[in-house]
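K.L.:
Following this message is one structure expressed as structure tokens.
FYI, it's all coordinate maths here, none of it is from the lab. Note that this is a predicted model, so its numbers are computed, not measured. No Cβ is skipped: glycine too gets one built from the backbone with ideal geometry, and neighbour counts run over all protein chains shown.
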């Protein structure tokens, strides 16, 4: 299984986050290390538009066989196109078809090798088409409201009958946490989706699911990682 790590140079929420120092090493290095140390992963490939990120990724053991073209490195660039570009390059390079591949976002530094191995195990055992790592949604969907231009609250119809009930009696929902994806190339190319009727969820804890998008997320990840390293 190839592990693909997408890491573009631009980031509005936290500039330079992919190589920002987190507990002694660049953020992306935590994901590279987890992938390299996970059994079942054959190659660890970083797709980036940044020469600086490419240089650091190589220092920590990842392959960077190409630089991503500019049109695939913007804020609105499609992740699907980024993944297919990488797969097409690697297939042409190796002469071998890539039917399945894993995506590991570098913004999930608390996802460890054991998570990757367990996700692979569940994927193969359940004979899944794709796998998405998920966490339990912290806020019941019935608590989501819209607010109009006049400031008035409007229920959006999400499980509306439970809107004023305690969290404990609401249905449990799960959301993707961005840590691990196992994708199917054909499905991605033909339908441009990660999901099918045979998509399985790999459930992770809230701590393992920390996803860095802003400075506060970074501080939370730093605290949790430092505590984890002391154990």
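K.L.:
Rounded, prolate or oblate for the range 1-141? Axes are the square roots of the Cα gyration tensor eigenvalues, ordered a ≥ b ≥ c, and the cut-off for rounded is a/c under 1.5. Walk me through the numbers before you get to the answer.
P.N.:
Values: a/c = 1.35, a/b = 1.10, b/c = 1.22.
Since a/c stays below 1.5, the shape of the range 1-141 is classed as rounded.
K.L.:
Let me ask something additional. What is the angle, in °, between the Cα long axis of helix 215-230 and the longest principal axis of the Cα atoms in the chain? Nearest 10 is fine, range 0 to 90.
P.N.:
70 degrees
K.L.:
With the crude spin-label approximation of a point 7 Å out along Cα→Cβ, what separation in nm comes out for residue 113 versus residue 173?
P.N.:
3.7 nm
K.L.:
If each DSSP helix of 4+ residues adds -39,500 (n - 2.57) and the sum is divided by the residues in the chain, what number results at 222 nm, nearest 500 deg cm²/dmol? Walk me through the intermediate numbers first.
P.N.:
On the way: 6 runs with 71 residues, N = 231.
Calculated at 222 nm, the ellipticity per residue is -9500 deg cm²/dmol.
K.L.:
I need 220, 2 ordered by Cβ neighbour count within 10 Å, fewest first. Numbers along the way, then the final one.
P.N.:
Numbers: 220 16, 2 19.
By the 10 Å Cβ count, ascending: 220, 2.
K.L.:
Okay, next question. As a footprinting exposure proxy, order 156, 84 by other Cβ within 10 Å, with the fewest listed first. Walk me through the numbers on the way to the answer.
P.N.:
Working: 156 12, 84 17.
With the sparsest Cβ surroundings first, the list reads 156, 84.
K.L.:
In nm, to one decimal, how far is the modelled label at residue 219 from the one at residue 37, with both set 7 Å along Cα→Cβ?
P.N.:
It works out to 2.8 nm between the two label points.
K.L.:
Taking the chain as a Gaussian network, Cα atoms linked when under 10 Å apart, which of 115, 155, 37 shows the biggest mean-square fluctuation?
P.N.:
Most flexible of the set in this elastic network: 155.
K.L.:
By DSSP, what percent of the beta bridges with both residues in the chain are antiparallel, rounded to the nearest 5? Numbers along the way, then the final one.
P.N.:
Details: 14 of 28 bridges.
That works out to approximately 50 percent antiparallel.
K.L.:
Just need the relative contact order of the chain here, percent rounded to a whole number, with Cα pairs under 8 Å and 6+ apart.
P.N.:
Working: 386 pairs, mean separation 54.3, N = 231.
It rounds to 24 percent for the chain.
K.L.:
Something else: Please give the Cα centre distance for the range 121-153 versus the range 1-77, rounded to the nearest Å.
P.N.:
Measuring centre to centre over Cα atoms gives 26 Å.
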